[in-house]
Each structure stands twice: as C-alpha cells, then as structure tokens.
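Structure record follows, encoded as structure tokens.
Derivation of every value follows stated rules applied to the coordinates shown; laboratory data play no part. In this text, all values refer to a predicted model and were calculated from it rather than measured experimentally. Every residue, glycine among them, receives a Cβ derived from its backbone with ideal geometry; neighbour counts consider all protein chains shown.
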Amino acid sequence: MGKRDYNLLGPDAQRAVQTGLAAAQWYHSDVPRREMKELMQRSDGPAIRDTILLFAAMAVFAGLGIALWPSFWAIPFWLAYGVLYGSAMDSRWHECGHGTAFKTPWMNTAVYEIASFCMIRNSATWRWSHARHHTDTVIVGRDPEIAVMRPPVFIKVIANFVGLIDAATGLTRMVYNALGKVHPEEAVYIPTQEQYKVVRVARVSVAIYGVTIGLAVLTASILPLMVIGLPRLYGAWHHVMTGLLQHGGLADNVTDHRLNSRTVYMNRVSRFIYWNMNYHVEHHMFPMVPYHALPALHAKIKHDLPAPNQSIAQGFGEMWPALRRQLANEDYFIQRALPPTAQPYRNDFHAAALGSAAK
Amino acid sequence: MPNWINACAAGDIDAEDLIRFDHGIQTFAIYHAPEGDFYATAGHCTHENVHLCDGLVMGHLIECPKHNGQFDYRTGEAKRAPVCVNLRTFPVKVEDGRVFIDVDA
Ligand code: FES
C-alpha cells in the first residue's frame, strides 16, 4: 500500500469509501442471542463501586499530596493521584461515552463529562470521533483515533507517555473551539446540529483552566495545577502504555477486529485503571457489552480469537519490534495465528488494502 | 389501505427483545415490550447502515449494537447520540397469536 495519509479529508479517506472499507460489515464471533443478551445487561452496581473507590482514592492521594507539600514525601501520593486522573479517567471517559458503564443514563453522562475534562478532551467532539473509531477501526483516513500512525514517530509516542502531544493538542483545540470555531476535520464527523455543543463545552473547560491558573498565580504556587491540569501529564503513562497495545503493530485497513486489535491479560490494578479494556478485541466486536462483563465474553469467544498476550510486558515485546520494522516498511504488521477452533481470517475481504504480514 | 403482512408468531420474540423481519426489499425490527405489546420499526439504525436486531431492548428503548445510540421503539424517537434522526415506525396488530405489520404505512 505504501505511503499512508491519515488526513480525514485526504486521498486515503476517499479510497476507503470507494473500496467499501469505510462503514463495512465486520467479522463477529458467533454468540447465541440469549447468551449475548445476558452479557449486554446493564447494572449500576459495579460502576458505582468502582467510581466511589476511584474518587475516594483521588481525594485521599491529593489530600496527602497537599498536606505534605512541598516535601519529597508528597511525590508518591502525587504519582498515585496522577495515574488515577491522567489514566483511569481515560477508561472512564471511554466506557461512559459508550453508555455501558452504568445502567442509569445520568451517571454515565456525569462521569463522562468529568473524565473528558480531566483528559483535556472536548466531550462533545470526542463522542463523535469515538463513534467513527468503532465504525472504521484503524482504517487509514477514516479513523480519527489511530494512536500510532505508520511510519511510527517514536518521539511523539514517547512524549505522550507524559501527555505532551495530546495535552498540547487538546488545549490548543479547546481554545480554538472556545473562540466559536469547529475545525474542518471535526466537521467531517460531527453533525451540524451538534456542533454548538463543541463550542459550549470548550468555553466551560477554558473557564475552569483559567480559574485554576489564576489561583496558581494568586498563591504563587503550582499546587492548584498539581490538582487540576498537570496530572494529565504526570499521570498519563498508564493509559498510553495500555492504549498503544490496543492496536499497535497490527493490521490496518481490515474488517476483522481479530486482525487489528489486541487482548492482553493484565494485573488487577491495571484492569481497575483500564476498566477491563485489555479485552480489546472483545470490546470492538461487541461494544454493547459493559466492561464488567468482558471477562465472561472473553471466556465465551476465546476459541475464535488469537491467543491473548499474557502480560503487558509480553504485549510490548510483540508490538515494539513491529513498530520499529514499520519505520523501514510501512506495510509490515503482525498477523497472529488463530486456534484451530476459530473461523479463519477472510483476508479476501480486504486483500487489496493489506501489505505484508509477519509470519 | 393498510397492507398487513403476517410477520411472525407472538411467541417467536421473548419479552423485552426483538427480531429481524425481512419482506421484499424492506427490513424491519419487531419488538416485544416488557408489558406484552408488540411494535415494529425500520430495521436499520438511522446513524449508519447497521441492523438493530443485534441490539439490546431495555424497557421501551432499543440500543443500537454499533455505537450504542438509542431509540424509543414505540415512537421511533432518537434518544441518545450518536443517533439524531428518528426511526420510522409501522403499525402492528396481533391476531390469533400472529404478529402483523402494515408494511406500507
Ligand atoms: S449505527 Fe446505530 S448508533 Fe451508530
């Protein structure tokens, strides 16, 4: 395929539409309707428990960080607070955006708004960009949420471990939107009648950051920014680490999530922070299944999926060398073997768009 | 003039669930509400070309399987983004344990 153009208004976007890759029918593992209905059932219990735990932990860590400020003893508490703010909020943004975390709609909305603010994402814009990510997962020119483009720009990837690129982009766009403007790329996927919300959300966010910065200036201390804003940088590493694993090094321009998404077994703490999105193939195949039911879904369909990576480290061990090879060969990707119990990959569906798979 | 089409048996759809029904080039979703009534809408979501038959019925809402948009299937009203356009609805009657849809409504 050669040189990729990730611009949503560029030639690859047009090509995806012309070749039927955009808004295509995707492969699904078979799950009997009754079982799927069970898995899709919503409940408030697990998310209320996790949300109380999350906000309580954030309050305690920030409180201790403030109490011990400016001693070095404050550092571990800020690091813990930062991960909950700059990483756990990413998964809360994601699940509540889908509307699957809680059964009660206002709870999803409330947590979604808070989490979007923490992640410096415009809650109105990102609802639409994420819908596109699900329609056209890792389709070049169509998916606005591709974390690692080809060839990978490692300096950007590494800078994002402390949120530098994402936060700068998010803030710049927030100010742009607050001035009453919607970017032409955003206008591609946000319906016209919804665009006013983008401006409204941006103005509220800019106002909150303005007050926080004002407080920091007034008190001649960065402490207010340690609580609001900076944790998006110093706590971003976990969500970047897990986020890269979602699709990194795998195929693009395919219509089977088994080829472009990765399920990774993770420790309990990371799964709490990440809200079970380590079951990423399962999430993309069946986005209506709430995070707390993903392990059960995984158990039901794992016979039809490539073997999951056994740990974060093993996932990186597979992904990182592939990203490095993509520096020289953009078409390179990893194609994982399927178990004999699985339905085979239908590469003929997207053969024209595929490059060379790793054997 | 209604054009009633015999779509399925009432017992074919679990309570608080839906099935797909195709007639000629048209496709529908038929719902069995929790209190026992039946409803019918156009089969495809108004956001993208995805059939609602794999979605989740919660009370009087149908949630689309692709992006979790929601409609009230009794009225077709779009209730949750990313759906913004209402869903078309069709009259339904139940006679002798069979569900009929007026497909020309
Ligand atoms: S296709 Fe139904 S909500 Fe997007």
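Quick one: count up the residues across the stretch A:49-72 that are among the basic types (Lys, Arg) and closer than 16 Å to residue A:86 by Cα. The number of residues fulfilling the criteria is 0. Looking across the stretch B:1-26, the residues that are touching a residue at least 24 places away in the same chain (Cβ under 8 Å), of a type in the set (A, V, I, L, M) and closer than 20 Å to residue B:65 by Cβ come down to B:13, B:18, B:19. Taking the stretch A:98-114 as the search range and keeping residues that are in a helix (DSSP H, G or I) and facing another protein chain (nearest Cβ under 9 Å), which one is surrounded by the fewest Cβ atoms within 10 Å (Cβ to Cβ)? Among those residues, the one meeting the criterion is A:105. Summed over the stretch B:66-105, residues that are touching a residue at least 40 places away in the same chain (Cβ under 8 Å) and either within 14 Å of chain A (Cβ to nearest Cβ) or crowded, with 18+ Cβ neighbours inside 10 Å (or both) total 10.
Can you tell me which residue is surrounded by the most Cβ atoms within 10 Å (Cβ to Cβ) among those in the stretch A:40-71 that are within 22 Å of the chain's Cα centre (by Cα) and within 11 Å of chain B (Cβ to nearest Cβ)? Result: A:40. Restricting attention to the stretch B:53-65, the residues that are touching a helix residue (DSSP H, G or I) at 6+ places or on another chain (Cβ under 7 Å), within 9 Å of chain A (Cβ to nearest Cβ) and surrounded by 24 or more Cβ atoms within 10 Å (Cβ to Cβ) add up to 2. Counting the residues of the stretch A:30-39 that are more than 20 Å from residue A:103 (Cβ to Cβ) and surrounded by 19 or more Cβ atoms within 10 Å (Cβ to Cβ) gives 1. Those strands (runs of 3 or more DSSP E) of the stretch B:1-93 in which 1 or more residues are within 16 Å of the ligand (Cβ to nearest atom) occupy B:17-23, B:26-32, B:38-42, B:56-58, B:61-63, B:70-72, B:78-80.
A search for C-beta distances below 8 Å between a residue of the stretch B:48-61 that is without any contact (Cβ under 8 Å) to a residue 40 or more places away in the chain and any residue that is β-branched (Val, Ile, Thr) and within 11 Å of the ligand (Cβ to nearest atom), counting only pairs 6+ apart in sequence or on different chains, returns B:48/A:135; B:52/B:62; B:55/B:62; B:56/B:62.
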